Amino acid sequence: MTSASVVLIGNNVTLSFDDIEANFAPAIKGSGECGVLYLANPLDACSDLNIKVDELSNGSSPFALVIRGGCSFEEKVRRVQKAGFEAAIVYDNDDDGVLVAMAGNAAGIKIHAVFVSKASGEILKKFAGSTDMELWLIPSFENSAWSIMAISFISLLAMSAVLATCFFVRRHRIRRELPQSSRVREFHGMSRRLVKAMPSLIFTAVLEDNCTSITCAICLEDYTVGEKLRILPCRHSKLLTTQRMT
């Protein structure tokens, strides 16, 4: 059950009436709907209306004022819609002042429909047909505020979920890559001090017992007699490799 307000404005007159929207008609949204009020003919709208929207000279949206009773709320609203009106304001035929939520089948209903008290309807009748009076159907501020708060809250939750997902994905990626990066060590070569600390010899000839050869294993150039060579340790315990010294 959605509450709203019917507001009549014009000629230094502003009147507000409580109403309840029909549960089978489109909800009033945003800033509301504005139009000009006309009396339905017949007033109970239990048969096709004699008044047609095409006969109205005013260019504003036409609303129809209908009294309760004689037929169902749904029948009234469908006949008002058939006549070309864009909203139906149904007022009570009883003085108890209790507002009811009009029920019916929503299939095919495209216009707004609200229910007001008998006292409100009698006042509205006096201004029906006055083209200089605007009738506003305004949704309640409470309902609009709750809708805005709900949308804002859902948006905030969605943004929080996205940020949390990005944070945990990045954290997992960093943790997964950290062990690999910790094992990586850059090799910048041996220091000059370590190279000079290695034993050296003067090349004279190939010595089988010393495991030397005529060619350098690193630069692949042949040695010449008299060159000074460095002896580099190899993973084989007895094998020595020689390096041309600079």
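Taken together, the values in this text are just the output of simple stated rules run on the coordinates, not laboratory data. Since the model is a prediction, treat every value here as computed from it, not as a measurement. No Cβ is skipped: glycine too gets one built from the backbone with ideal geometry, and neighbour counts run over all protein chains shown.
With neighbour counts taken as other beta-carbon atoms within 10 Å, the residues Met133, Met159, Met198, Met102 rank, fewest first, as Met159, Met198, Met133, Met102.
Taking a straight line from the alpha carbon of Lys76, these aspartates and glutamates sit under 16 Å away, with near neighbours fewer than eight places off in the same chain left out: Glu21, Asp44, Asp48, Glu86, Asp92. Straight-line reach from Lys196: taking Cα to Cα under 23 Å and skipping same-chain neighbours fewer than 8 places apart, the lysines in range are Lys228, Lys238. For the stretch 3-146, the normalised intensity computed at q = 0.11, 0.20, 0.22 Å⁻¹ comes to -0.35, -1.26, -1.55 (log10 of I(q)/I(0), Debye sum over alpha carbons, equal scatterers, no solvent). With contacts taken as Cα pairs under 8 Å and at least 6 residues apart, the stretch 3-146 reaches a relative contact order of 38 percent. From least to most packed, judged by other beta carbons within 10 angstrom and beginning with the fewest, Cys219, Cys34 follow the order Cys219, Cys34. Cross-link check: pairs Lys82/Lys110; Lys29/Lys82; Lys29/Lys110 evaluated at a Cα-Cα cut-off of 19 Å; pairs beyond the cut-off: Lys29/Lys82. Distance between the modelled labels on Ala161 and Arg175, one decimal in nanometres: 2.3 nm (7 Å Cα→Cβ projection). The ellipsoid equivalent to the alpha-carbon distribution of the stretch 89-135 has semi-axes of 21, 18, 6 angstrom, derived from the gyration tensor eigenvalues as √(5λ) and listed largest first.
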